[in-house]
Amino acid sequence: MDIYLFFRKKTPLTEEGMPWLSGAEEHAQTARRNASGRAAVSAVLVRSLLACLDGAVVHAETDSSGDIIARVRSSSAPHNLAHCALKGQTFCLPHGEPNKVTYHVGVLALLRALLHPAQAADLWSAYQALQIDYQANGRAAAIKDSLCRACDELYFWARYANLDPAAENDRLAAATVSSNSGVESGYGASIDLAPLTDPAALQRMRGQDSAPLPVPAPEAVVSLDPEQSKDGFVGWQIVALAEALAAGENILLAGPTGTGKTACFQQVASASPASVVAIEGKEGLTDLDFLGAILPQPDNSRRWVDGPLLRAMRLAQEEPVWLFLDEINRIPRRHVNLLLTLLNPKPGEFCRQMGFPVLGDYIFYMVETPMTSETVCCPVQHLRIVAAGNFGRAYAIYDLDPALRRRFDTILEFDYLEARQELALVQKRTRLNAKIANALVQVAQETRRLMGNGEMPGCVDTATLLNWAAKCARLNACSVDNVMQVASLTWADTVCGRDHQGRVNSGNFKAIQDYLNSLDLLPAGGSE
């Protein structure tokens, strides 16, 4: 059998209701025996898992030689049943040919695993985690990690059974594919299919004494109207962020400075019962600011003190926690490497094999403190990670590692508001006169255009605009001269830049003042 057949489909799995996943997509949720640390999604095997989870396998039988036959309900025509069989090393599949396999090949591999549950322990551990996620979240992106891991475990089981992944153990190398023509039931002994859909039956089959830890129900999406928020963030991103968090995703907030990334997160977090732990990226970030450090104590002893990352993980052992990484592109490389390790989750059974006393078949985040060798674990379901950063060349201190970028399920792009929205925001926040507020907004919008064309080194971002407007309101600035005097106190240096002697570039400042005059919204002198 040509292994490439499993990975031939490389498009998003939209027809399967999962546009957030693509065939052949690389990921790090690997099978236990996958020493490479990387895997690729097999669309064929994803469909196999979905068919079993959905109860599409309606009957299966086996004979004394271990051959298997099954009837499977069609996903496209649920009233139709198709036979498939595994006879020796031959997969008899609907529409099967030597150069074509269908998802029934994975179904048959799973049925063989039902006959040998102890040998397929790794597969059933991954399947159990997926089954729990699937029953809680359906086909939402929250199941991506457990689905990818189960898919890789199914691939290793189908190819090597319970043996080492070596060429001499490759069961698929000698396997053949044919059509299901002439395949009929009547083998004899029925196969108990309950573990495929019933968590309790799967637990019994695995010989577990206690149920796995329950997966917390997805948090409700925060009900916020971005246009009507009284004092908070304005924009569609607030609803998108709340939805992604409720779906169990890790999220990256990207966009220019002052566009509301932090405000958006804070507003969503304020409506959630989850605890929040924040790390602010900066060039001089210390170990204590991030993971923790050994510090001297008043009694002259020294002991380990947790930083925010470990505090978040210890809290997440018992309750939902949101970890906010602000200015992630300013976090030094040595700390980013710890994030890469953290965001490579491990199944519970693997953690126990490593000697860590975790309970249930959760998927766990894990990080080791290098100075004490303590390893801290927490269930992935309890910890959401939201990062924010400005990734343009004007802001970046460290480029975001592509491997770290892939750990985020959703990226929300932020940008400056349209003039209409920004005007409403300025008036709502500062109570500034409408004509003056409109003039300030027009100037801010123009500086962004000039910066985009390379004619200004900076621009008036939304946060700076609000500061400028609030100061104008306090000082009763109502003319061009007045508001530009306030501008010299707030944004002139960052927007206009400085000359070689360190003075604010007067030519750029004069150009902006001329633009404000040209709007003809404010008088030039000191009164309206």
Calculated from backbone phi, Karplus (6.51, -1.76, 1.60) coupling profile of the range 479-487 in Hz, x at Gly/Pro: 10, 4, 4, 4, 5, 6, 5, 5, 4
Could you run the Karplus curve 6.51 cos²θ - 1.76 cosθ + 1.60 with θ = phi - 60° over the range 448-462 and give me ³J(HN,Hα) per residue in whole Hz, x for Gly and Pro? 5, 5, 5, 5, x, 8, x, 9, 9, x, x, 8, 7, 7, 5
Quick check: residue separation of Glu283 and Asn337 times 0.36 nm, minus the Cα distance between them. What number comes out in nm? 17.9 nm
Mean projection area, nm², convex hull over Cα of the range 43-103: 4.4 nm²
Calculated FRET efficiency for the pair Asp401/Ala194, C-beta based, R₀ 56 Å, to 0.05: 0.80
For volume of the Cα convex hull per residue in Å³, with candidates (1) 200; (2) 144; (3) 272, the value calculated from the shown model is option (1)
Viscosity 0.692 mPa s, 37 °C: Kirkwood-radius Stokes-Einstein D of the range 2-67 over Cα pairs, µm²/s: 238 µm²/s
Once both labels are modelled 7 Å past Cα along the beta-carbon direction, what's the Gln135-Val504 spacing in nm? 6.5 nm
The chain, dipole about Cα centre (Lys/Arg Cβ +1, Asp/Glu Cβ -1), debye to the nearest 20: 420 debye
Please list, in chain and number order, the residues 5+ apart from Phe356 or on another chain whose amide H is under 5 Å from its amide H, with Hs placed from the backbone. none
Please list, in order along the range 189-197, the HN-Hα scalar couplings obtained from phi with the Karplus expression 6.51 cos²θ - 1.76 cosθ + 1.60 (θ = phi - 60°), rounded to whole Hz, x for Gly and Pro. 6, 6, 9, 6, 8, 4, x, 5, 10
Reduced to Cα centres, the span from the range 123-150 to the range 501-521 in Å works out to 58 Å
With contacts defined as alpha carbon pairs under 8 Å and 6 or more residues apart, what's the relative contact order of the chain in percent? 11 percent
Under the helix-only model (-39500 (n - 2.57) for each DSSP H run of 4 or more, divided by the residues of the chain), the mean residue ellipticity at 222 nm, to 500 deg cm²/dmol, is -11000 deg cm²/dmol
Electrostatic dipole magnitude of the range 3-205 [Cβ: Lys, Arg +1; Asp, Glu -1; Cα centre; debye, to 20]: 300 debye
Among 191-198, 42-49, what's the highest-first ranking by average C-beta atoms within 10 angstrom per residue? 42-49, 191-198
Between Ala24 and Ala271, what length in nm is gained on full extension when 0.36 nm per residue of separation is reduced by their alpha carbon distance? 85.1 nm
Given backbone amide H placed at 1.01 Å from N, residues whose amide H is under 5 Å from that of Ser42, ignoring those fewer than 5 places away on the same chain, are Ala24
The ratio Rg/Rh over the Cα atoms of the range 3-205, Rh being the Kirkwood inverse mean 1/r radius, stands at 0.93
For an R0 of 41 angstrom, estimate the FRET efficiency from the Cβ-Cβ distance between Arg429 and Thr11 and round to the nearest 0.05. 0.35
If amide H atoms are built 1.01 Å from N in the plane of the peptide, which residues on other chains or at least 5 residues away come under 5 Å of the amide H of Ile294? Val305
Taking the highest mean first, how do the peptides 101-108, 248-255, 500-507, 429-436 order by number of other beta carbon atoms within 10 angstrom per residue? 101-108, 248-255, 429-436, 500-507
Using alpha carbon centroids, what distance separates the range 406-479 and the range 152-173, in Å? 59 Å
Would you mind calculating the gained length between Glu184 and Leu519 on full extension (0.36 nm times residue separation, minus the Cα-Cα distance), in nm to one decimal? 112.4 nm
Is the shape of the range 240-383 rounded, prolate or oblate, going by the alpha carbon gyration tensor and its root eigenvalues a ≥ b ≥ c, with a/c under 1.5 for rounded and a/b larger than b/c for prolate? oblate
Lys435: which lysines have alpha carbons under 25 Å from its alpha carbon, excluding same-chain residues fewer than 8 sequence positions away? Lys230, Lys471, Lys510
Quick check: pseudo-label points 7 Å beyond the Cα along Cα→Cβ at Thr372 and Gln119, how many nm apart are they? 4.5 nm
If I take every Cα pair under 8 Å that is 6 or more residues apart in the range 419-519, average their sequence separation and divide by the length, what percent do I get for the relative contact order? 26 percent
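The numbers here are math on the coordinates, done by the rules we state, and not lab data. All figures in this text were calculated on a predicted structure; none of them were measured in a lab. A quick note on method: Cβ atoms are made from the backbone with ideal geometry, for glycine too, and the neighbour counts reach across all protein chains shown.
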